[in-house]
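Structure first, then comments.
None of the figures in this text is laboratory data; all of them are computed from the coordinates on show. Every value quoted in this text rests on a predicted model; they were computed, and no experiment measured them. Quick reminder, even Gly has a Cβ in these numbers, built from the backbone with ideal geometry, and neighbours come from all protein chains shown.
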Amino acid sequence: MRNTVWSRSAVVGAAVLVAPALAQEPFQWEIGGAFSQSEFSRTDNQVFDPAFGFGTFLFTESTVDTDRFRLDATWFFEPVESNRGPLERAAFLDRASSISAFALRSELTASAIQLSDALPSFSEQAELAENSLGFGFRYVLPDDTWFIEASVSRRDTESIPGNASDQYAIAAGRYLGDRTAVSLRIDRSEGGSGSILPGTSGGQDNYSLEITHIGDLWGDWQYAVDSSLTESDQDFVDLRFDVSGTLYPSRYLGFGAQASVSAEDFTDQSKRYGAFGRWFVNDAWSVSARYEWTDFEGSFGDGVDIDDDAFELRVDHRF
């Protein structure tokens with residue numbers, strides 16, 4: 001009798017644990033929050049021949065430390081089915097149309113030091129805050145093949161009047177088969193003098209070709225590849241190639257790596273790498289983490305050391 005009771009209890013317990021996975025309820029909202037931190041530093045230690053008249057040494061160091069807090073929400077026109085593949089890719093696989101919004105606050109601490117036996121020496125530090133707000137939408141046409149996307153956002157730096165900048169993006173794409181999509185995107189930034197964050201400027205245009213593909217490996221394992229080629233008029237960047245690969249040993253877990261190569265006339269290069277992972281605790285909740293770092297190469301000169309790394313922690317909820 002006791003064994004029968006324990007057996008029934010085990011069956012009931014297993015059913016409780018498995019039921020959420022089998023239910024795979026559609027969702028129509030996804031909300032999330034993230035915290036990220038980045039550190040950028042450049043150190044330039046130059047030694048000169050006294051015959052040039054510039055003194056014998058020049059040491060400069062600049063740093064920007066940034067904390068970011070982000071909230072975002074997405075509403076889908078119709079409930080999204082989540083049983084077509086990895087949960088992370090549910091909206092893409094279900095060809096869902098959506099409206100989204102985000103709010104972002106960035107708190108920056110910037111410092112600069114210069115030491116020289118010929119030029120004035122100084123040490124300065126400043127603290128700034130930036131606020132960003134944005135909206136976007138994705139619409140899949142009734143034929144479930146073509147789609148369009150658009151977004152608009154504004155970034156404003158506190159205590160610096162007239163420094164607001166606007167960002168716009170529009171894209172059009174097409175599904176090729178069940179799990180592949182190709183799109184063309186145009187991004188434009190204008191207004192203000194831009195952010196003081198490294199790699200940003202007050203006005204620029206980007207033109208991108210983007211490809212996403214999801215495939216099967218063996219057993220329950222699946223994979224996804226996201227890639228893009230971008231031509232930019234941003235200072236110091238002419239062309240950028242981005243690629244990331246994600247492995248999914250189950251519908252609930254995905255992890256992978258990414259790489260990005262930026263080049264100016266294919267001479268000066270910066271290579272950015274990253275590792276990431278996302279785990280769905282159940283069909284509704286997920287946690288994710290990401291770490292990125294940059295390697296600079298080119299004609300920066302001897303004695304120049306540049307470090308740029310960032311990490312992010314994120315929580316999302318679907319219902």
Want the number for residue 150 to residue 71: 0.36 nm per residue separation, take away the alpha-carbon distance, what's left? 26.5 nm
Which distance in nm do the two modelled labels at residue 176 and residue 123 give, with both placed 7 Å along the Cα-to-Cβ direction? 5.7 nm
Looking at the range 29-313 from every direction and averaging, what is the projected area of its Cα convex hull in nm²? 16.9 nm²
Points 7 angstrom from Cα along the Cβ direction at residue 313 and residue 209: gap in nanometres? 4.1 nm
Between the range 123-198 and the range 81-109, how far is it from one alpha carbon centroid to the other, in angstrom? 15 Å
Over the range 147-190, what per residue volume does the convex hull of the Cα atoms give, in whole Å³? 62 Å³
Which value in nm describes the separation of the simple spin-label points at residue 304 and residue 261, placed 7 Å from the Cα toward the beta carbon? 2.0 nm
Subtracting the Cα-Cα distance from 0.36 nm times the residue separation, let me have the gained length for residue 220 to residue 233 in nm, one decimal. 0.4 nm
So how much slack lies between residue 131 and residue 186, counting 0.36 nm per residue of separation and subtracting their Cα-Cα distance, in nm? 17.5 nm
